[in-house]
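Chemist: Got a structure for you, written out below as structure tokens; questions coming shortly.
Only the coordinates and a few stated rules stand behind these numbers; no lab work does. The structure displayed is predicted, hence computed values, not measured ones. FYI the Cβ positions are ideal-geometry reconstructions off the backbone, even for glycines, and counts take in every protein chain you see.
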Amino acid sequence: MPRRGRIEAVMQEIDLRESWNRLSARYQRAHTIRTDAAHYGPCAPDENQLRLLGDVRGKRILELGCGGGQCSIAFVRQGAECVAVDLSDAQIAYARDLAAQEEAAVAFVQGDMADFLETLPEAGFDIAFSAYAFQYVEDLGRVFRGTRRALTPGGLFVFSLDHPLNDITACEDGRIVLAESYFARGRRFWNWELPGIEESTPFYSFHRTVGDFLHLLTDAGFLVERLLEPEPTAEEFDPWEDPAQMQRYAAIPATIIWKARVPG
Ligand SMILES: C[S@@+](CC[C@H](N)C(=O)[O-])C[C@H]1O[C@@H](n2cnc3c(N)ncnc32)[C@H](O)[C@@H]1O
């Protein structure tokens with residue numbers, strides 16, 4: 001996950017597709033993400049440990065914001081069929097190469113997830129999955145409604161992203177501080193800085209409260225079954241993070257994971 005720094009001047013011109021295209025190679029080099037288990041992000045157990053999706057053999061899975069494709073590749077290796085969409089051409093190119101190397105047949109699509117969802121037939125998937133992509137989406141209500149439509153009755157929707165407390169806190173001089181109001185929803189601009197790499201990339205993402213997610217899900221017609229706020233064990237402290245951030249994640253959850261279901 002990024003170390004964030006405020007930026008001012010260029011914020012109106014940020015194009016997330018372009019930012020992800022610029023960052024992709026460095027991101028994939030820095031994070032060497034596994035393909036034997038779908039992951040939920042920093043300081044969180046993976047799907048092989050949590051088993052939120054159950055046995056995926058024979059299941060049709062839709063991944064939203066798939067990045068380098070590692071989670072879909074893991075699902076295919078476990079016997080699922082996967083369609084995976086991502087905004088970034090570079091991330092999708094990386095995903096296609098990786099899937100070819102691993103001989104995993106994933107249908108990767110470049111595009112905006114909300115637009116892509118509207119092209120899908122109704123009730124074509126058993127599971128929708130997303131790891132750390134929804135913070136980049138402005139109209140999440142549209143994405144959740146499209147996801148609900150794409151899922152079969154009884155279908156599962158499981159996703160993770162930054163915990164809202166992670167959005168609003170920082171570690172300064174060894175102290176954890178409240179950097180922003182929990183209630184200050186909306187777009188936040190920052191620079192993505194990878195440890196050991198000088199060049200940073202301008203980004204924005206959207207802060208929402210826990211209640212906002214709950215209402216977006218229920219308004220789209222989902223039943224919420226689980227909300228996980230993993231407290232990392234010593235082994236789960238993530239190599240992605242620098243030590244100052246790890247001190248923060250010992251005190252507040254880095255990641256939030258939602259499990260919801262279409263009724264029926
Ligand atoms: C932090 S990465 C996570 C990627 C992957 N899920 C993983 O866990 O490694 C976020 C991804 O979301 C994608 N993304 C952002 N906005 C998107 C959108 N509107 N539609 C589709 N993908 C999007 C980015 O291109 C990026 O690859």
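Chemist: Going by amide H atoms built from the backbone, whose H comes under 5 Å of the H on Ala84, apart from near neighbours?
Modeler: HN-HN under 5 Å from Ala84: Glu63, Ala107, Phe108, Val109.
Chemist: While we're looking at this one, here's another question. Which whole number of Å³ per residue matches the convex hull of the alpha-carbon atoms in segment 78-124?
Modeler: Spelled out: Cα convex hull of segment 78-124, divided by residues, is 73 Å³.
Chemist: Moving to a separate point now. Give me a comma-separated list of calculated 3J(HN,Hα) values for segment 40-48, in order, Karplus coefficients 6.51, -1.76, 1.60 applied at θ = phi - 60°, integers in Hz, x for any Gly or Pro.
Modeler: Working through the residues one at a time gives 10, x, x, 6, 9, x, 8, 5, 5 Hz.
Chemist: Can you classify segment 121-178 as rounded, prolate or oblate using the Cα gyration tensor, where a ≥ b ≥ c are the square roots of its eigenvalues, rounded means a/c under 1.5, and otherwise it's prolate if a/b beats b/c and oblate if not?
Modeler: prolate
Chemist: Another question, then. Would you mind finding the longest exposed-site-free stretch of the chain, with exposed trypsin sites (Lys or Arg not before Pro) meaning DSSP loop and at most 11 other Cβ atoms within 10 Å?
Modeler: 58-264
Chemist: Still on this structure, please answer the following. Please work out whether segment 31-101 counts as rounded, prolate or oblate from its C-alpha gyration tensor, where a ≥ b ≥ c are the square roots of the eigenvalues and a/c under 1.5 means rounded, while otherwise a/b larger than b/c means prolate and anything else oblate?
Modeler: Note, shape of segment 31-101 comes out oblate.
Chemist: Show that you can apply the helix-only estimate: for the chain, add -39,500 (n - 2.57) for every DSSP H stretch of four or more residues, divide by all residues, and state [θ] at 222 nm to the nearest 500.
Modeler: After summing the helix terms and dividing by the residues of the chain, the value is -8500 deg cm²/dmol.
Chemist: Further, regarding this structure: Using just the alpha carbons, could you tell me how many Å³ per residue the convex hull of the chain encloses?
Modeler: Roughly 122 Å³ of hull volume per residue.
Chemist: Two-decimal Rg/Rh of segment 51-198 from alpha-carbon positions, Kirkwood Rh?
Modeler: Dividing the radius of gyration by the Kirkwood radius yields 1.02.
Chemist: On a C-alpha basis, how far is the centre of segment 74-98 from the centre of segment 112-130 in Å? Whole number, if you could?
Modeler: When both Cα centres are located, 15 Å separates them.
Chemist: Which residues make up the longest stretch of the chain clear of GluC sites (Glu not before Pro) that lie in a DSSP loop with no more than 11 other Cβ atoms within 10 Å, not counting the sites?
Modeler: 9-102
Chemist: Let me have the relative contact order for segment 88-163, percent, based on Cα pairs under 8 Å that are six or more residues apart.
Modeler: Over segment 88-163, the number comes to 34 percent.
Chemist: Which cross-chain or sequence-distant (5 or more) residues have an amide H under 5 Å from the amide H of Tyr132, H modelled 1.01 Å from N in plane?
Modeler: For Tyr132, whose amide H was placed from the backbone, the distant partners under 5 Å are Ser160, Leu161.
Chemist: Across all directions of projection, what mean area in square nanometres is found for the Cα convex hull of segment 122-233?
Modeler: 9.2
Chemist: Kindly write out, for segment 98-105 in residue order, the coupling ³J(HN,Hα) from the Karplus curve 6.51 cos²θ - 1.76 cosθ + 1.60 (θ = phi - 60°), rounded to whole Hz, with x marking Gly and Pro.
Modeler: Values, residue by residue: 5, 5, 5, 4, 8, 6, 10, 8 Hz.
Chemist: Then there's this: Using θ = phi - 60° and the Karplus relation 6.51 cos²θ - 1.76 cosθ + 1.60, list the HN-Hα couplings for segment 76-85 in order, rounded to whole Hz, with x at every Gly or Pro.
Modeler: 3J(HN,Hα) across segment 76-85, in whole Hz: 5, 4, 8, x, 8, 9, 10, 10, 9, 10.
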